[in-house]
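The values are calculated or read from the model by the stated rules, or taken from the named source; none is laboratory data. Quick caveat: nothing in here was measured; it's all calculated off a predicted structure. Please note: Cβ atoms are built from the backbone with ideal geometry, for glycine as well, and neighbour counts cover all protein chains shown. SASA here: full protein model, heavy atoms, side chains in, ligands and nucleic acids out. Shrake-Rupley method; radii C 1.70, N 1.55, O 1.52, S 1.80 Å.
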Amino acid sequence: ENLDLSFSSYYSRGDDFIYAVDTGETRFLWGRDRTVYLWDNVTEVQILGLEADLTYRLTKNMQFFANYTYNRSTIEEFSERPELEGKKLEYVPEHSASAGARMLSPWLNAQVVLNHVGSQYIDDMNTEEIGSYETVDVKLWRTLDFLSSKLSANLTVENLFDEKHLRS
């Protein structure tokens, strides 16, 4: 009764998928050479994944939860740049997860979440990788049922410790 476990999977195939492709050129911008990208239509991209969610209700007012996502996003066919076929899409971590706790009360609800973002490639040839990182999010909220049962107010702080991470 106190444990929920769910799984879901997804599969997408993108034809003429719009994607930023490295042109091999650089331009001097903001104090250093930067790669020049061109938005191009990739012939076919495949995205598949699996998600697992777990929630445990210790009491009516205290819950623990965890989530894991596996995502594999690859270029299946690219007639203009066949050397990119089989490569993973940039800035798409293969593994990500989160875990946290939620406390519910009539006055104020609170939630703390630890997020993990797995390593990911930052170039279309999959030669440069940024490492995994973690962040902490906090959320406080209250249902304003004295005004309306459908009205609530919340305060959310993402990346509580204000750490800098390269995302895209």
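List, in order, the whole-Hz ³J(HN,Hα) value for each residue of region 57-71 obtained from phi through the Karplus relation with A = 6.51, B = -1.76, C = 1.60 and θ = phi - 60°; use x for Gly and Pro.
For region 57-71, the Karplus-derived couplings read 9, 5, 9, 4, 10, 10, 10, 10, 8, 8, 9, 10, 10, 10, 9 Hz, x marking Gly and Pro.
Give me, ordered by chain and number, the residues 5 or more places off Lys87 or on other chains with an amide H under 5 Å from its own placed amide H.
So Lys87 has HN proximity to Ile75.
With every protein chain left in place, what is the accessible area of Glu44 in Å² (1.4 Å probe, nearest 10)?
We get 40 Å² for Glu44.
For region 70-149, count the residues as N, evaluate 2.2 N^0.38 Å, and divide the Cα radius of gyration by that value, please. Please report the intermediate quantities before stating the final value.
Values: Rg = 20.1 Å, N = 80, 2.2 N^0.38 = 11.6 Å.
Against the empirical 2.2 N^0.38 Å value, I get 1.73 for region 70-149.
Relative contact order for the chain: what percent, with Cα pairs under 8 Å and sequence separation of 6 or more? Can you show the working numbers first?
Numbers: 392 pairs, mean separation 24.6, N = 168.
Across the chain, relative contact order equals 15 percent.
Can you pull the percent of the chain's accessible area that's carbon plus sulfur, 1.4 Å probe, other chains left in place? Mind showing how you got there, number by number?
On the way: 6080 of 11210 Å².
Here carbon and sulfur together make up 54 percent of the probe-accessible area.
Taking the Cα atoms of region 7-88, what is the range of coordinates along each of the three principal axes, in descending order and whole Å?
58, 35, 16
Suppose every Lys and Arg Cβ carries +1 and every Asp and Glu Cβ carries -1, with no other charges. What dipole size does the chain come out with about its Cα centre, to the nearest 20 debye?
Details: 16 positive and 28 negative charges, 232 e Å.
Approximately 1120 debye in magnitude.
Got a sec? Which residues in region 29-48 would a label at Arg72 touch, if it sits 7 Å along Cα→Cβ and we count backbone N under 14 Å?
46-48
So, in the chain, how many Lys pairs have Cα atoms under 29 Å apart, if the pair is 8 or more places apart or on different chains?
6
Which order do Ser79, Ser8 take by accessible area at a 1.4 Å probe, largest first? It would help to have the intermediate numbers written out before the result.
Details: Ser79 90, Ser8 55 Å².
The residues order as Ser79, Ser8, largest area first.
Could you give the distance between the Cα centres of region 1-24 and region 86-154, to the whole Å?
Computed from Cα coordinates, the inter-centre distance equals 17 Å.
Only sites in a loop by DSSP and with at most 16 other Cβ atoms within 10 Å count here; which chymotrypsin sites (Phe, Trp or Tyr not before Pro) in region 47-104 make the cut?
Within region 47-104, the qualifying chymotrypsin sites (Phe, Trp or Tyr not before Pro) (loop, at most 16 other Cβ atoms within 10 Å) are Tyr91.
Note down, for the chain, the three equivalent ellipsoid semi-axes (square root of 5 times each alpha carbon gyration tensor eigenvalue), biggest first, whole angstrom. Please report the intermediate quantities before stating the final value.
Details: eigenvalues 309, 83, 44 Å².
So the three semi-axes of the chain are 39, 20, 15 Å.
Quick one: Karplus J couplings for region 155-165, per residue in order, coefficients 6.51, -1.76, 1.60, θ = phi - 60°, nearest Hz, x for Gly and Pro?
For region 155-165, the Karplus-derived couplings read 10, 10, 10, 8, 6, 3, 8, 6, 7, 8, 9 Hz, x marking Gly and Pro.
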